[in-house]
Amino acid sequence: MPDPAGPELEALAVDAVVAVTPERQLEERLAALSLPALLWRSGPAAAPVGELQRLVLAAGDQPEAWRCVGLPVADPRFAAGEPKLPQRAAWLGRPTPRRASYLDWFEHTQDPAADGTEALVAVNLHDGDEPAFDHRAAAALAAGRLLVSETLVPARGLEPGIDYLAARDLDDLYLAVESAVRHPQAFRRIRLRGRRKAELFRASRVVARLVHDLLLEVRSP
């Protein structure tokens, strides 16, 4: 694989570089090449080292951030149409103590399967008690699944009850999962609307828009 900040990159004559969670050393090497660059980080980060670099935060906010935009979803993860999926539920994300306490308290007719299991219903429980926008939820919508999630904050364009089944608390989550698995056709419109709204997160569109804005800014007189 070519060095992402070496002679091979210069030979390609690229207009800009998009680096997701780059090491500081890579930032410095990109700055030395005087290449416009978007530095995309998931949380608080130091200010960019180069004049042509811009910091994009996927979560949180800080003065050094040029934009606050959630991580995009790779184009190949988007489903075409309405994929046929098994009528069951599966978790999104890794097991957490919070999920374990939920399972100790609630008994589903059929417990959600592990993340990665093919399932029509995707269940998203925040890792912690604080509201959040979980990138995995956007990926589930892109895959054409019916999303059941604790309310996503910030909303990033997704509307609770319209694009996904939103749960204000754990009781809500339990009831929504049970209903979604038993009667998925009752929520078909929400599933289809969620898939359409997932286009907001398509990587090719999100990245193209940001790179356009970056080049417009750094090339302006």
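The values are calculated or read from the model by the stated rules, or taken from the named source; none is laboratory data. Just so you know, these numbers come straight off a predicted model, no measurement behind them. Virtual Cβ from ideal backbone geometry, glycine too; neighbours counted across all protein chains shown. Areas reflect the complete protein model, heavy atoms only, side chains present, ligands, DNA and RNA absent. Shrake-Rupley method; radii C 1.70, N 1.55, O 1.52, S 1.80 Å.
Quick notes on this structure:
- Relative contact order for the range 77-156: 38 percent, from Cα pairs under 8 Å spaced at least 6 residues apart, divided by residue count.
- What the Cα atoms of the chain give is an Rg and a Dmax of 19.9, 64 Å.
- Förster-model FRET efficiency, 45 Å R0, ALA100 and SER220, C-beta, rounded to 0.05: 0.30
- Sparse-neighbourhood loop sites, trypsin sites (Lys or Arg not before Pro) in the range 147-200 - DSSP loop, at most 11 other Cβ within 10 angstrom: ARG168
- Positive-end residue of SER204, PHE133, SER42, charge dipole of the chain with Cβ unit charges: SER204
- Protection proxy ranking for 118-126, 203-211, using the average of other Cβ atoms within 10 Å per residue and placing the highest first: 118-126, 203-211.
- Cut-off under 5 Å, modelled amide H: who pairs with ALA113 long-range: ALA89, ALA90, TRP91
- Across the accessible surface of the range 26-99, with the other protein chains kept in place and a 1.4 Å probe, carbon and sulfur atoms take up 54 percent.
- Simple spin-label estimate for ARG67 and HIS108 gives 3.5 nm between the two label positions (7 Å along the Cα-to-Cβ direction from each Cα).
- The range 68-183 shape via C-alpha gyration tensor axes, a/c threshold 1.5: oblate
- Descending semi-axes in whole angstrom, ellipsoid equivalent of the range 47-132, from the Cα gyration tensor: 34, 20, 8
- Dipole axis of the range 140-218 (+1 Lys, Arg; -1 Asp, Glu on Cβ), positive-most option in VAL148, GLN185, LEU214: GLN185
- In the range 26-79, the GluC sites (Glu not before Pro) that fall in loop regions by DSSP, at most 15 other Cβ within 10 Å: GLU51, GLU64
- Centroid-to-centroid separation of the range 50-91 and the range 95-127 [C-alpha atoms, Å]: 22 Å
- Among GLY194, GLY157, GLY144, the largest mean-square fluctuation in a Gaussian network model of the chain, built with springs joining Cα atoms closer than 10 Å, belongs to GLY157.
- GNM on the chain, alpha-carbon springs under 10 angstrom: the most fluctuating residue among SER42, SER101, SER34 is SER101.
- Label positions at GLU51 and GLU159, each projected 7 Å from the Cα along the C-beta direction, are separated by 4.6 nm.
- Accessible area per residue for the range 1-131, computed on protein heavy atoms with a 1.4 Å probe, is 57 Å².
- Rounded D (µm²/s) - the range 140-221, Kirkwood Rh over Cα pairs, Stokes-Einstein at 20 °C, 1.002 mPa s: 150 µm²/s
- Point-charge dipole on Cβ atoms (K/R +1, D/E -1) for the range 101-221, about Cα centre, debye to 20: 1100 debye
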